[in-house]
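The values are calculated or read from the model by the stated rules, or taken from the named source; none is laboratory data. Values in this document were obtained by computation on a predicted structure and should not be read as measured data. Ideal geometry is used to build each Cβ from the backbone, glycine not excepted, and the neighbour counts take in all protein chains shown.
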Amino acid sequence: MPIITTPNGQMTSRYSFGTMQWGLQADAREARALYDACREVDINHFDTANLYCGGKSEELLGIFSSNEREDLIVATKVGYDGGAGRENLLVQFDKSRMRLGMDMVDVLYLHRFDPETPIKETLETFAMLRDEGKIRFFGLSNFAAWQAVHAIHEACHFDLAISMMQPMYSLVKRQAEVEILPMCAEMDIKVVSYSPLGGGLLTGKYAVGGTGRLSENDRYATRYGQNYMHDAAKGLMQLGQDIGVHPATLAVAWVGRHWSNPIPIISARTVSQLNPSLAALDLDMDDELYTQLSKLTPAPPPATDRIEET
Ligand SMILES: NC(=O)c1ccc[n+]([C@@H]2O[C@H](COP(=O)([O-])OP(=O)(O)OC[C@H]3O[C@@H](n4cnc5c(N)ncnc54)[C@H](OP(=O)(O)O)[C@@H]3O)[C@@H](O)[C@H]2O)c1
């Protein structure tokens with residue numbers, strides 16, 4: 001497994017914090033409080049993207065981290081829009097570095113697969129940024145396993161390691177279990193997975209008439225619109241009540257409990273929302289509880305169909 005460290009050599013924390021809402025849903029004051037709450041429990045890994053909140057997220061992260069830069073892993077992403085061609089990546093990354101106020105970022109992800117651009121061009125660009133000392137680690141987000149394997153193969157031409165992958169992964173989005181998580185474990189790639197609460201669904205709030213991203217954003221309403229997902233959220237809430245643990249704590253801990261040891265990227269709009277996710281750091285989830293939670297949703301079918309022969 002690649003050793004993902006801060007510039008001064010500290011290991012990555014077990015969780016990352018995602019700043020996707022900083023500057024919009026969480027204003028600068030709330031964002032600062034979220035940052036401080038993470039630092040209090042030694043979270044040293046922060047995730048942003050060129051795309052988030054029109055650049056506000058990167059700006060705020062740059063301000064908050066400026067006096068302890070060497071103690072942090074700062075990850076950003078380029079290429080969500082405009083494709084994965086060289087020019088677009090370089091323009092976006094320069095903007096990111098400017099907003100962050102950093103010559104170097106620790107992790108730079110390609111935000112999503114671009115079928116239009118030859119992967120060699122993309123990888124050569126990231127290798128150049130690595131050679132120039134502008135990035136320390138390179139990662140891929142929202143890639144299928146076959147796309148990643150192709151990239152890994154081509155990256156050898158540039159002596160470029162793919163150190164991390166960033167898939168979606170939660171109790172209600174389990175596709176990564178089939179290929180991404182085992183592939184990464186086998187190929188020494190660290191998984192830093194996003195949306196452990198299913199965009200908030202797994203807090204249980206929608207089952208009791210609550211509001212939030214799923215009621216405010218059509219894209220998320222569709223992403224988490226299936227009945228079985230909402231049933232799972234209710235089941236999780238019930239289980240949480242039975243054992244006296246917040247459902248969000250269970251949901252986050254469940255992600256981190258996968259045998260491949262992914263790093264969940266937790267997030268919230270406010271510190272009071274964040275606390276149950278932080279509590280997952282202290283939850284010791286035994287095998288029985290892990291199995292109980294895993295049964296709330298169907299495990300995705302395996303990657304090969306010949307499952308009758310074990
Ligand atoms: N690579 C990618 O394509 C990609 C995509 C998405 C995210 N990410 C990264 O992953 C990070 C986390 O993703 P995410 O925000 O989707 O994570 P998530 O954990 O699935 O959802 C977090 C949201 O759930 C709600 N929530 C959290 N705790 C709550 C509580 N105690 N009570 C009620 N509601 C609560 C809040 O939204 P509401 O208050 O609005 O309901 C909060 O913003 C992002 O910040 C970003 O860095 C990456």
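Residues are listed down the side, and each one gets a yes or a no for (1) part of a helix (DSSP H, G or I); (2) under 21 Å from residue 231 (Cβ atoms); (3) among the polar types (S, T, N, Q):
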residue	(1), (2), (3)
241	yes, yes, yes
250	yes, yes, no
269	no, no, no
280	yes, no, no
289	yes, yes, no
296	no, yes, no
302	no, no, no
305	no, no, no
308	no, no, no
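For segment 53-71, which residues satisfy the criterion of being surrounded by 24 or more Cβ atoms within 10 Å (Cβ to Cβ) and either within 18 Å of the chain's Cα centre (by Cα) or assigned to a strand (DSSP E or B) (or both)?
57, 58, 61
Using beta carbons and a limit of 8 Å, which pairs, at least six apart or on different chains, have the first residue in segment 24-53 and closer than 24 Å to residue 81 by Cα and away from the ligand (no atom under 11 Å from the Cβ) and the second one modelled with pLDDT of 95 or more and of a type in the set (A, V, I, L, M, F, W, C)?
50/78; 50/93
This table checks each residue for (1) within 16 Å of the ligand (Cβ to nearest atom); (2) outside any helix (DSSP H, G or I).
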position	(1), (2)
84	yes, yes
88	no, no
91	no, no
96	yes, no
106	yes, yes
113	yes, yes
120	no, no
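So residue 94 fits all but one of (1) more than 25 Å from residue 61 (Cα to Cα); (2) free of Cβ contacts under 8 Å to residues at least 24 places away in the same chain; what number is the exception?
In the conditions (1) more than 25 Å from residue 61 (Cα to Cα); (2) free of Cβ contacts under 8 Å to residues at least 24 places away in the same chain, residue 94 misses (1) alone.
Return the total of residues in segment 6-41 being of a type outside the set (A, V, I, L, M), farther than 19 Å from residue 100 by Cα and over 17 Å from the mean Cα position of the chain (by Cα).
Number of matching residues: 4.
Can you tell me which condition residue 182 does not meet? The list is (1) over 25 Å from residue 288 (Cα atoms); (2) surrounded by 14 or more Cβ atoms within 10 Å (Cβ to Cβ), and all the others hold.
Against the list (1) over 25 Å from residue 288 (Cα atoms); (2) surrounded by 14 or more Cβ atoms within 10 Å (Cβ to Cβ), residue 182 comes up short only on (1).
Among the numbered criteria (1) closer than 18 Å to residue 109 by Cβ; (2) within 15 Å of the ligand (Cβ to nearest atom); (3) in contact with a helix residue (DSSP H, G or I) (Cβ under 7 Å, 6 or more places away or on another chain), which one does residue 12 miss?
(3)
Scan segment 166-181 and tell me whether some residue there is under 18 Å from residue 85 (Cβ atoms) and either out of contact with any Pro (no Cβ under 6 Å at 6 or more places or on another chain) or of a type in the set (Phe, Trp, Tyr) (or both).
Looking through segment 166-181, none of the residues is under 18 Å from residue 85 (Cβ atoms) and either out of contact with any Pro (no Cβ under 6 Å at 6 or more places or on another chain) or of a type in the set (Phe, Trp, Tyr) (or both).
Only one residue in 199, 210, 240, 225 is in contact with a helix residue (DSSP H, G or I) (Cβ under 9 Å, 6 or more places away or on another chain), farther than 21 Å from residue 46 by Cα and within 9 Å of the ligand (Cβ to nearest atom). Which one?
So the residue among 199, 210, 240, 225 that is in contact with a helix residue (DSSP H, G or I) (Cβ under 9 Å, 6 or more places away or on another chain), farther than 21 Å from residue 46 by Cα and within 9 Å of the ligand (Cβ to nearest atom) is 210.
Every residue, every condition in (1) out of contact with any Lys or Arg (no Cβ under 7 Å at 6 or more places or on another chain); (2) buried (at least 16 other Cβ atoms within 10 Å of the Cβ); (3) free of Cβ contacts under 8 Å to residues at least 40 places away in the same chain, yes or no:
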{"position": "194", "(1), (2), (3)": "yes, yes, no"}
{"position": "206", "(1), (2), (3)": "yes, yes, yes"}
{"position": "209", "(1), (2), (3)": "yes, no, yes"}
{"position": "219", "(1), (2), (3)": "yes, no, yes"}
{"position": "238", "(1), (2), (3)": "yes, no, yes"}
{"position": "248", "(1), (2), (3)": "yes, yes, no"}
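Within the set of pairs 6 or more residues apart or between chains, which connect a residue that is basic (Lys, Arg) inside segment 67-79 to a residue that is more than 11 Å from the ligand (Cβ to nearest atom) and assigned to a strand (DSSP E or B) with Cβ atoms less than 9 Å apart?
77/107; 77/108
Mind checking whether some residue in segment 100-123 is among the small types (Gly, Ala, Ser) and touching a Phe, Trp or Tyr at 6+ places or on another chain (Cβ under 8 Å)?
The answer is no, given that none of the residues of segment 100-123 is among the small types (Gly, Ala, Ser) and touching a Phe, Trp or Tyr at 6+ places or on another chain (Cβ under 8 Å).
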